[in-house]
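The values are calculated or read from the model by the stated rules, or taken from the named source; none is laboratory data. Here the structure is a predicted model, which is why all the values come from computation and not from measurement. Using ideal geometry, Cβ is built from the backbone for each residue, glycine included, and neighbour counts are taken over all protein chains shown. The protein model used for the area step is the full one, side chains on, heavy atoms only, and it has no ligands, DNA or RNA in it. Shrake-Rupley method; radii C 1.70, N 1.55, O 1.52, S 1.80 Å.
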Amino acid sequence: MVHINDLHRDVLAQILYKAVAAPAKNLSEWKVKLPLLGVCRKWTELALGFVFYQVFVELSELSGPSLGAHFLWTSNAELLISRRCVLKALRLAIELSYCITADQLRFIALEILKLDRVDWQHINSLAFTFATWTLYLPDKPGSQDDKTVTDIARTARYFAQNLRNVVDLS
């Protein structure tokens, strides 16, 4: 009887690709693919590129009687950085459940993605998903809202400068 590891590497790679080829829509769907990396060294080598081509950053709200309103950042970026797999990443998806400030965008850029230290040069697709997005235009020039819009624009430009190979922005 033939064992799956007796298959040629190209055949096994095609099987693993079919198993994980569909892009994940969020971090939860992405996590379902991780067990493939724990089977054996051969499977890890073959499946690494299929699993780690997507980077997710998500912001969600934790709420409850004892918590009040707190926000939780979740991401697989640290795992990609620690496994030295950033060169395999092709798509960055940032999903935000609530209105976001320029400071929070900077937090994503510097603390989660570490854009100032890690070169995400292979990212060619950047997707921002906003469950609710409200942008207030300033009533008068120089107002706090005007500063917020300017800060968000400056931070977006920072993303563009550091993810210079992005050709698909949604």
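Structural remarks
- Order of exposure, largest accessible area first, which applies to Tyr17, Tyr158 with probe 1.4 Å: Tyr17, Tyr158
- Ordered by 1.4 Å accessible area with all protein chains kept, Phe128, Phe56 run largest first as Phe128, Phe56.
- Summed over all non-identical Cα pairs, the Kirkwood treatment of segment 1-42 gives a radius of 11.6 Å.
- Ordered by solvent-accessible area of protein heavy atoms (1.4 Å probe), largest first, the residues Trp120, Trp73, Trp43 come out as Trp73, Trp43, Trp120.
- In order through segment 37-52: 3J(HN,Hα) via Karplus (6.51 cos²θ - 1.76 cosθ + 1.60), integer Hz, x for Gly, Pro: 6, x, 6, 6, 4, 4, 5, 4, 4, 6, 8, 3, x, 6, 8, 8
- The distance between label points at Leu34 and Val2 comes to 3.3 nm (points 7 Å beyond Cα on the Cα→Cβ vector).
- Solvent-accessible surface (1.4 Å probe) assigned to Thr129 amounts to roughly 70 Å².
- By a 1.4 Å probe calculation restricted to protein chains, Glu29 has an accessible surface near 80 Å², given to the nearest 10.
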